[in-house]
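Asks: Structure provided below as structure tokens; questions to follow.
The values are calculated or read from the model by the stated rules, or taken from the named source; none is laboratory data. The structure displayed is predicted, hence computed values, not measured ones. Cβ: placed from backbone, ideal geometry, glycine included. Neighbour counts: every protein chain shown. In case anyone asks, the SASA skips ligands and DNA or RNA and just uses the protein heavy atoms, side chains included. Shrake-Rupley method; radii C 1.70, N 1.55, O 1.52, S 1.80 Å.
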Amino acid sequence: MLNNQITNSTNTKFLGLTIEETLSWKCHINQILLRLSLACYAIKVITPLMSEDTLKMIYYSYVHSIITYGIIFWGNSPHNTDTSKIQKRIIWIMTKSRSRDSCRQLFKRLEILPLQSQYIFSVLLFVVKNKDLYSTNQEIHNINTRSNINLHLPVCNLTLFQKGAYFSGIKLFNHLPPRIKSLSNEIKLFKPALKRFLNTHSFYSVDEYLEHSYN
């Protein structure tokens, strides 16, 4: 009988996602940065030869696919600063703008979501498509309040759980404008309304979204 030694590994790859034992997503994000750097160089080379509309199509077929894959898992990681920087650099290159120009306005013009707005968009679509996993406040208590249609936020002190898609999704959903929240049972109406809202504001962080006032 052979004595097979089992080695300990700090990370593993599953369905294209590099998962670490600490769930920090640092290794996975580093791999994304390498791919985005290559995409940035490619777009820089072809920009003089292409129209802005063509560059936008290339962005969605190349850069967007890199950014969005599995973003509901790693999108809330604190290691995402460089990912946002490369995305902004690509936008500046595509629009032939200077680095001191407002990138937020360029995102709005191109109708491309900044990284954190894309994270919010993806997580909210996950929530709406899987509403059977959640309970509303109305299902928890019978008191008639304006927050009855909000999702019930469970009590949890574990930071990793709070940063996960399930817990974060509840907070993001509950902070939606009522007019968009009311469309959550009609995904075909909810999705474009949410995209327009996020494109209008182009949030650079989850905190910026959660602090946004609708008054």
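Asks: Is there a pair in Lys96/Lys131; Lys85/Lys129; Lys26/Lys188; Lys108/Lys129; Lys96/Lys129; Lys26/Lys129 whose C-alpha atoms are over 32 Å apart, and which pairs would that be?
Replies: Lys96/Lys131; Lys26/Lys188; Lys96/Lys129
Asks: Related question: Quick one: dipole size for region 25-98, taken about the Cα centre, charges +1 on Lys/Arg Cβ and -1 on Asp/Glu Cβ, in debye to the nearest 20. All intermediate terms of the calculation are to be shown ahead of the outcome.
Replies: Details: 9 positive and 3 negative charges, 46 e Å.
In debye, rounded to 20, region 25-98 gives about 220.
Asks: Still on this model: If you plug each phi of region 45-61 into the Karplus form 6.51 cos²θ - 1.76 cosθ + 1.60 with θ = phi - 60°, what whole-Hz ³J(HN,Hα) values come out, in order, with x for Gly and Pro?
Replies: Per residue, the Karplus-derived 3J(HN,Hα) values read 5, 8, 3, x, 9, 10, 7, 4, 5, 5, 4, 5, 5, 5, 4, 5, 7 Hz.
Asks: Just to verify a number: FRET efficiency for Glu211 and Ser37, C-beta to C-beta distance, R0 = 35 Å, to 0.05? Don't skip to the answer; put the middle values down first.
Replies: Values: r = 32 Å, r/R0 = 0.91.
Computed FRET efficiency for Glu211 and Ser37: 0.65.
Asks: What distance in nm separates the simple spin-label points at Lys131 and His152, each placed 7 Å from Cα in the Cβ direction?
Replies: In this crude label model, Lys131 to His152 measures out at 1.7 nm.
Asks: If I compute solvent accessible area with a 1.4 Å probe over the protein chains, what percent of it on region 14-123 is carbon and sulfur? Working shown, then result.
Replies: Working: 3300 of 5570 Å².
Answer for region 14-123 is 59 percent, counting heavy atoms of protein chains only.
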